[in-house]
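**Q** What follows is a structure written as structure tokens; I'll ask about it next.
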There are 4 protein chains.
Amino acid sequence: MLIVMKQDATPEQIAGVVEIITAMGYEARPMPGRQRTTVGLVGNDGRVDASRVEAMGGVAEVIHVTKPYKQVSREWKSEPTRVPLPDGTSIGGRDVVVMAGPCSVESEAGIMAAAHAVKAAGATVLRGGAFKPRSSPYSFQGLGKVGLEYLAQARAATGLLIVTEAMDAYGLELVSEFADIVQVGARNMQNYSLLKECGRQRKPVLLKRGLSATIPELLLSAEYILSEGNPNVILCERGIRSFDSTTRNVFDLSAIAVAHGLSHLPIVADPSHATGHRDMVPAMARAAIAAGADGLLVEVHPNPERALSDGAQSMYPEQFERMMREVSAIAEVIDRRVAIAGGSAT
Amino acid sequence: MLIVMKQDATPEQIAGVVEIITAMGYEARPMPGRQRTTVGLVGNDGRVDASRVEAMGGVAEVIHVTKPYKQVSREWKSEPTRVPLPDGTSIGGRDVVVMAGPCSVESEAGIMAAAHAVKAAGATVLRGGAFKPRSSPYSFQGLGKVGLEYLAQARAATGLLIVTEAMDAYGLELVSEFADIVQVGARNMQNYSLLKECGRQRKPVLLKRGLSATIPELLLSAEYILSEGNPNVILCERGIRSFDSTTRNVFDLSAIAVAHGLSHLPIVADPSHATGHRDMVPAMARAAIAAGADGLLVEVHPNPERALSDGAQSMYPEQFERMMREVSAIAEVIDRRVAIAGGSAT
Amino acid sequence: MLIVMKQDATPEQIAGVVEIITAMGYEARPMPGRQRTTVGLVGNDGRVDASRVEAMGGVAEVIHVTKPYKQVSREWKSEPTRVPLPDGTSIGGRDVVVMAGPCSVESEAGIMAAAHAVKAAGATVLRGGAFKPRSSPYSFQGLGKVGLEYLAQARAATGLLIVTEAMDAYGLELVSEFADIVQVGARNMQNYSLLKECGRQRKPVLLKRGLSATIPELLLSAEYILSEGNPNVILCERGIRSFDSTTRNVFDLSAIAVAHGLSHLPIVADPSHATGHRDMVPAMARAAIAAGADGLLVEVHPNPERALSDGAQSMYPEQFERMMREVSAIAEVIDRRVAIAGGSAT
Amino acid sequence: MLIVMKQDATPEQIAGVVEIITAMGYEARPMPGRQRTTVGLVGNDGRVDASRVEAMGGVAEVIHVTKPYKQVSREWKSEPTRVPLPDGTSIGGRDVVVMAGPCSVESEAGIMAAAHAVKAAGATVLRGGAFKPRSSPYSFQGLGKVGLEYLAQARAATGLLIVTEAMDAYGLELVSEFADIVQVGARNMQNYSLLKECGRQRKPVLLKRGLSATIPELLLSAEYILSEGNPNVILCERGIRSFDSTTRNVFDLSAIAVAHGLSHLPIVADPSHATGHRDMVPAMARAAIAAGADGLLVEVHPNPERALSDGAQSMYPEQFERMMREVSAIAEVIDRRVAIAGGSAT
């Protein structure tokens, strides 16, 4: 950490900053420059609270050099993390894992039809919400435990793995029992109570980026999970909030390169929530894979006009099939391949 | 709801939209125009899922006329809600209620000193966190139940009321037992499990706006609380995320006028989190009152350089005193007054 | 246009709105609904000034149905515009046109070396600024007319076409004389005086999206050029401003699909400015082509560490070569091809 | 400037950075730390192009300590700049200068009526556009020179000063001849050709903040004007673009405190453009003055429903009168006063 003093800072003000740093248990190293003095804080272990010095007299600015996250960082572990899945594939290596299915589990027949359709097109993981976070209390809130049971039946019938969302401690216990991957939604990215619980259970966690979260904040949320003992976190870019209302969100594909640069964790992309419109999903899915995403999370519904939620962004099965063919070809251009149940690409 | 068709939409596509609307149980009213047809959906009860028609063939755009929130809206209840507090004051009338104190409860002596200081300057509510949501798992996370006990002691000693944050169902039960007002933090604005629990307990709820939440989204979150039976919700503007990093957030004061226009609920302002720097807090507190805020939530610490969190945005007691004098004078210009324990202004 | 009245709007207020619409020369059609009246404005020719009715008594909201742009819209002209270039290629058809070169023209030898390098790797257009818009008055401002002459020499030596920026009427006259494509920079996207001048000269115009411009605003700026008689406008996505400072901008790739949906104009992508870092450019260039961009604008410098501007985002020639191979392969996946001088792909 | 190296940066990579800094003519000072080396650049005169080192091998991050602006900074000149006006008042001292009038000059009678109305309520400067930047080429573009002549007549009749916008070099010459203050609009904040011309003429310049400009960028644009020799720049906050569409823009009132902290230049506020709705203007005008603004720019129209532009945000004369009374009272609370023609407050 570097404390930049104002040009007219007095020697007493500089001494005051040094004193506080020392009182916090770190070493202070004043560096007089041509125009102003800066004070370096040496020995930062990531726990320094910059806030104490930020508004002190004579301080112009506090600059952070050390990153606040640790275990998730590339400097802590340089090898990419490969999150192993029960079907022999893994997320974070050469495999590009495709997770597809409806927004919500709506009925037994519905999820079964969706499962067969996405499997036929080449997906290896089935998505579908049993607990749904909805902006309005009057919207469909999901089938709850029954939804999880339907998902388990679809898994039994198709061999697909299951990813589904948990919204609180109660739901997590259930989801963790039924699912292969536990999803934490964008709105809960900073629900620290939930993150800690996710760190204490053993299933891999798919952590969605919050609507206006920076990548460092996403990594700090992942750090909550790792710091409780669960190393298997999959990040997910799903669009960020912006000023332009012509799409639902802005799909931030450079986040993939940024996350891969700062962290060893894998990152997948969700073009359905990012765009909000099924006709834009195939192009954005192609772009995500071209950009280096480790997988995709997409919405597919056998009959989108009848969907109880997110119908507009759910692809028709035919759209999804064509998307899979294009995505496979693009993955090969950059020496990757769409995952096939039974074993990881090497 | 209004479905705008493309200029070249076919009669079949228009009929398809009409069919889906009818299947959803509403009346569809096609309106041919000079350039294109629009289809009105009549009878919208706020539960219509626009998503079903949004991506249908021939649809250019879906326009929402009916607002998705109900009980929180000005059209549902035209009189402003006055949230009554145990000391005889209320939030939402002529009173301007000032809530002040440290970011976290750090020690018994510390919170007691803070309580006496803010009471001396004219505050009627003491703020202080016992459960702290922190971006990093390695930051100070609050004293928990012990912190709540210290707050209760400070209340007993000074007569101040208590506002403090709950982060999950477990914490809410405790907070609801000790506090006079339960705070839901910005990061939890869309933690629907927590919102529902808040609606089932009886204490007033101070609901902070999420970092990138629109006012309609804030109102929908409040609707979750009202729809469970608790009418006493106080909204809180605390700064939104923007592109400019010269302040911590952008303090969106027009949110106050917007919220007052759309809803009958009171709204207070938190200039401490909005700016992140104590030297900017007094000016922004004045501006918030001039803009019509129903109260203030500010951080004051007897010794900010030693604070365990948010030191930079905590005012010195002297700053707070001067702020209170200015704020009182400004309140009078617009015919309001800073609340005094014992009774509401009329 | 649809004027939504408040639930408690009086008949007089509704009549007032009708009167103003009539006075503006349009037809007003009041539509009483279950909860409120809406008033339709019929005959909107894109010139209606909504502002007159927006704040009238009883008005809740004004909703725009008609888009304000005309000639640039897909509904005005359904065929994609193909902007023809002097080397027989065109932008907007199957061709993917790659424009590459340094940020600024720095010297005769430098631009010549860059031209040979990008041509060898397969680019058909050379970029390079002679007039540079710089945030600081103390930064390098470009070589001016001499820079244009160096560009012309590079064209003569290599057969590459030239794209370069004009910042004002004086510069436009010069640029228009030397260049094959005139660039309007992001900061000038709403410099209407410059846009009108661009519409009055005959060279194709590459119009960059402003840092916080919506797609409809970008299209309105293009409309300024078309409305003065120049149909050859190439839109350019180059990153938008967001809250996250881990990249220079957010590369909004869904803008490509959105622009193609709303307009017949071609759109290219600039991953160099979007990311600000050369190591991210190849991945984002691949993503842009996978998303359907009609071309690329990228920075390449023979010696980026010595560049007078934008060194960090300039690729090494070797990086650019590899990027071109990957981009070509991805273009083929979606049935397009990188342009080759001599003739358009069909 | 501080170059932070990666933990695993090699000695060769560190030497490479030192070499480039030396080649740029500055001193490089490597500082080995516990976890990584940082390299300080000493002697930064504000012209260093960080871009050269940013993407070099082994570099993790480049941190800017020196600000890129100079003459506009508080450290260059600690006394606030007072921009003197011909009527004896000044902007930047105790005076709060109120500039009011219609969006556009529409007719001789109209501007005369507006002038008398705003003067009666206490304004000392008349605003009104003769050249109008409009998003659409089909909207009313202003009366041009005739508009300026009408403004001059209104000045002659009332003694009010004139502020009006220039959009290009041609318009600036005219505006500079007629007006007392030249306005540069938000869309032209980074039109560097125009800024330089503004620096070469002698009238004070009111420089509006761009829709998504940071305060440092606003100050850099002001620096363009000062560096050409004109010290009389008045900054103007007019709302920034955000994700929330419930208001036209977000009025960033903390910008006032931030600008006053970084610069000696005065800053005024425009609540009309910030909110886009007349009913919100009085509250936001009060808030701006409470926050410390040096003046106001507001739209007032004798008959807003008939306005040719911006009718929704134009106040009725009665609203403006009441606003002036409230604003005067609030100015006194913080020891300032609304300007009165004839002499500055002291």
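**Q** So if I check each of C:SER135, C:SER139, which one is surrounded by fewer than 22 Cβ atoms within 10 Å (Cβ to Cβ), of a type in the set (S, T, N, Q) and touching a residue at least 12 places away in the same chain (Cβ under 8 Å)?
**A** On the way: C:SER135 fails: touching a residue at least 12 places away in the same chain (Cβ under 8 Å).
Exactly one residue qualifies, and that residue is C:SER139.
**Q** Just to check your reading of the model, which residue among C:VAL258, C:VAL268 is among the hydrophobic types (A, V, I, L, M, F, W, C), open to solvent by less than 20 Å² (accessible area, probe 1.4 Å) and touching a Gly at 6+ places or on another chain (Cβ under 8 Å)? Talk me through it step by step, then tell me what you get.
**A** Numbers: C:VAL258 fails: touching a Gly at 6+ places or on another chain (Cβ under 8 Å).
C:VAL268 is the lone residue from the list that is among the hydrophobic types (A, V, I, L, M, F, W, C), open to solvent by less than 20 Å² (accessible area, probe 1.4 Å) and touching a Gly at 6+ places or on another chain (Cβ under 8 Å).
**Q** What residue, among those in the stretch D:74-95 that are surrounded by fewer than 20 Cβ atoms within 10 Å (Cβ to Cβ) and among the small types (Gly, Ala, Ser), is modelled with the highest pLDDT?
**A** D:GLY88
**Q** Looking at the stretch A:10-23, which of its residues are open to solvent by 20 Å² or more (accessible area, probe 1.4 Å) and either over 18 Å from A:ILE63 (Cβ atoms) or in a loop (DSSP other than H, G, I, E, B) (or both)? Let's see the steps before the verdict.
**A** Taking the stretch A:10-23 first, the residues open to solvent by 20 Å² or more (accessible area, probe 1.4 Å) are A:10-15, A:18-19, A:22-23.
Hits for the stretch A:10-23 are A:THR10, A:PRO11, A:GLU12, A:ALA15, A:GLU19, A:THR22, A:ALA23.
**Q** Something else: Condition check: out of contact with any strand residue (DSSP E or B) (no Cβ under 8 Å at 6 or more places or on another chain), within 14 Å of chain A (Cβ to nearest Cβ) and open to solvent by 10 Å² or more (accessible area, probe 1.4 Å). Does B:ALA169 satisfy that? First the steps, then the outcome.
**A** Values: out of contact with any strand residue (DSSP E or B) (no Cβ under 8 Å at 6 or more places or on another chain): yes; within 14 Å of chain A (Cβ to nearest Cβ): yes; open to solvent by 10 Å² or more (accessible area, probe 1.4 Å): yes.
Yes: the conditions hold for B:ALA169.
**Q** Just the residues that are part of a loop (DSSP other than H, G, I, E, B) and at the interface with another protein chain (Cβ under 9 Å from one of its Cβ atoms), please, taken from the stretch D:210-230. Break it down stepwise before answering.
**A** Of the residues in the stretch D:210-230, the ones part of a loop (DSSP other than H, G, I, E, B) are D:210-214, D:228-230.
Listed by number, the residues that qualify are D:GLY210, D:LEU211, D:SER212, D:ALA213, D:THR214, D:GLU228.
**Q** Among the candidates D:MET167, D:MET189, which residue alone is touching a helix residue (DSSP H, G or I) at 6+ places or on another chain (Cβ under 8 Å) and under 30 Å from B:PRO282 (Cβ atoms)?
**A** On the way: D:MET167 fails: under 30 Å from B:PRO282 (Cβ atoms).
Just a single option satisfies the conditions, and that option is D:MET189.
**Q** Can you tell which of B:VAL233, B:VAL250 is of a type in the set (Val, Ile, Thr), within 14 Å of chain A (Cβ to nearest Cβ) and touching a Gly at 6+ places or on another chain (Cβ under 8 Å)?
**A** Numbers: B:VAL233 fails: touching a Gly at 6+ places or on another chain (Cβ under 8 Å).
Just one listed residue meets the conditions, B:VAL250.
**Q** Ok, one more. Of all residues in the stretch A:106-134, which are closer than 25 Å to B:ASN44 by Cα and more than 20 Å from the chain's Cα centre (by Cα)?
**A** Result: A:GLU106, single match.
**Q** Here's a follow-up. Report whether or not A:GLY239 is within 14 Å of chain B (Cβ to nearest Cβ), open to solvent by less than 20 Å² (accessible area, probe 1.4 Å) and over 13 Å from the mean Cα position of the chain (by Cα).
**A** Details: within 14 Å of chain B (Cβ to nearest Cβ): yes; open to solvent by less than 20 Å² (accessible area, probe 1.4 Å): yes; over 13 Å from the mean Cα position of the chain (by Cα): no.
No, not satisfied.
**Q** Next question, about the same structure. Determine whether the stretch D:290-297 contains at least one residue that is under 21 Å from D:SER90 (Cβ atoms), more than 8 Å from every other protein chain (Cβ to nearest Cβ) and open to solvent by 10 Å² or more (accessible area, probe 1.4 Å).
**A** no
**Q** Whether any residue in the stretch C:270-280 is more than 14 Å from chain D (Cβ to nearest Cβ), touching a residue at least 12 places away in the same chain (Cβ under 8 Å) and not in a helix (DSSP H, G or I) is what I want to check.
**A** Looking for residues that are more than 14 Å from chain D (Cβ to nearest Cβ), touching a residue at least 12 places away in the same chain (Cβ under 8 Å) and not in a helix (DSSP H, G or I), one finds at least one in the stretch C:270-280, hence yes.
**Q** Using the structure shown, decide if D:GLY25 is on the phi > 0 side of the Ramachandran plot and either within 14 Å of chain C (Cβ to nearest Cβ) or touching a Cys at 6+ places or on another chain (Cβ under 8 Å) (or both). Walk me through how you get there before you give the answer.
**A** Details: on the phi > 0 side of the Ramachandran plot: yes; either within 14 Å of chain C (Cβ to nearest Cβ) or touching a Cys at 6+ places or on another chain (Cβ under 8 Å) (or both): yes.
Here the answer is yes, as D:GLY25 does meet what is asked.
**Q** Next up: I need the full set of residues from the stretch B:300-332 which are away from chain A (no Cβ under 13 Å) and part of a loop (DSSP other than H, G, I, E, B), in order please.
**A** Of everything in the stretch B:300-332, just one residue is away from chain A (no Cβ under 13 Å) and part of a loop (DSSP other than H, G, I, E, B), namely B:PRO302.
**Q** Of these, B:SER176, B:SER221, which one is modelled with pLDDT of 95 or more, polar (S, T, N, Q), open to solvent by less than 10 Å² (accessible area, probe 1.4 Å) and over 21 Å from B:GLY276 (Cβ atoms)?
**A** Details: B:SER176 fails: open to solvent by less than 10 Å² (accessible area, probe 1.4 Å).
Only one candidate qualifies: B:SER221.
**Q** Consider D:VAL98 carefully, then state whether it is in contact (Cβ under 8 Å) with a residue 60 or more places away in the chain and either open to solvent by 60 Å² or more (accessible area, probe 1.4 Å) or in the same structural domain as D:ALA179 (by TED's automatic domain parsing) (or both). Steps first, please.
**A** Details: in contact (Cβ under 8 Å) with a residue 60 or more places away in the chain: yes; either open to solvent by 60 Å² or more (accessible area, probe 1.4 Å) or in the same structural domain as D:ALA179 (by TED's automatic domain parsing) (or both): yes.
Spelling it out, D:VAL98 is indeed in contact (Cβ under 8 Å) with a residue 60 or more places away in the chain and either open to solvent by 60 Å² or more (accessible area, probe 1.4 Å) or in the same structural domain as D:ALA179 (by TED's automatic domain parsing) (or both).
**Q** Here is a follow-up. When the stretch A:23-40 is examined, which residues are found to be within 18 Å of B:GLU305 (Cα to Cα) and touching a strand residue (DSSP E or B) at 6+ places or on another chain (Cβ under 6 Å)?
**A** Step one: filter the stretch A:23-40 for residues within 18 Å of B:GLU305 (Cα to Cα), giving A:23-28, A:39-40.
Across the stretch A:23-40, the qualifying residues are A:TYR26, A:GLU27, A:ALA28, A:VAL39, A:GLY40.
**Q** I would also like to ask the following. For A:LEU41, work out the one condition from (1) surrounded by fewer than 20 Cβ atoms within 10 Å (Cβ to Cβ); (2) modelled with pLDDT under 85 it doesn't fulfil.
**A** With respect to (1) surrounded by fewer than 20 Cβ atoms within 10 Å (Cβ to Cβ); (2) modelled with pLDDT under 85, A:LEU41 is out only on (1).
**Q** Sticking with this one: Are any residues in the stretch D:200-233 among the basic types (Lys, Arg) and either more than 20 Å from C:GLN141 (Cβ to Cβ) or in contact (Cβ under 8 Å) with a residue 40 or more places away in the chain (or both), and if so, which ones?
**A** First pass over the stretch D:200-233, keeping only residues among the basic types (Lys, Arg): D:200, D:202-203, D:208-209.
The answer is D:ARG202, D:LYS203, D:LYS208, D:ARG209.
**Q** Report yes if some residue within the stretch C:185-194 is in the same structural domain as C:GLY88 (by TED's automatic domain parsing), farther than 14 Å from D:ARG187 by Cα and open to solvent by less than 10 Å² (accessible area, probe 1.4 Å); otherwise report no.
**A** Quick first cut of the stretch C:185-194, residues in the same structural domain as C:GLY88 (by TED's automatic domain parsing) only: C:185-194.
Keeping just the survivors that are farther than 14 Å from D:ARG187 by Cα gives none.
The answer is no; no qualifying residue exists.
**Q** Are any residues in the stretch C:49-77 facing chain D (nearest Cβ under 10 Å) and within 20 Å of D:CYS103 (Cβ to Cβ), and if so, which ones?
**A** Residues satisfying the conditions are C:ASP49, C:ALA50, C:SER51, C:ARG52, C:VAL53, C:GLU54, C:ALA55, C:MET56, C:VAL59, C:VAL62, C:PRO68.
**Q** Just a yes or no: is a residue in the stretch C:324-338 surrounded by 22 or more Cβ atoms within 10 Å (Cβ to Cβ) and either touching a Cys at 6+ places or on another chain (Cβ under 8 Å) or free of Cβ contacts under 8 Å to residues at least 60 places away in the same chain (or both)?
**A** Yes, the stretch C:324-338 has at least one match.
**Q** Might you check whether a residue that is touching an Asp or Glu at 6+ places or on another chain (Cβ under 8 Å), among the β-branched types (Val, Ile, Thr) and assigned by TED's automatic domain parsing to the domain that holds C:MET56 occurs anywhere in the stretch C:20-37?
**A** Yes, that holds for at least one residue.
The values are calculated or read from the model by the stated rules, or taken from the named source; none is laboratory data. Note that the structure is a prediction, hence the values are computed from the model and not measured. Counting neighbours? That spans all protein chains shown, and the Cβs are built from the backbone with ideal geometry, glycine included. Protein only, heavy atoms only, side chains kept; ligands, DNA and RNA dropped before computing areas. Shrake-Rupley method; radii C 1.70, N 1.55, O 1.52, S 1.80 Å.
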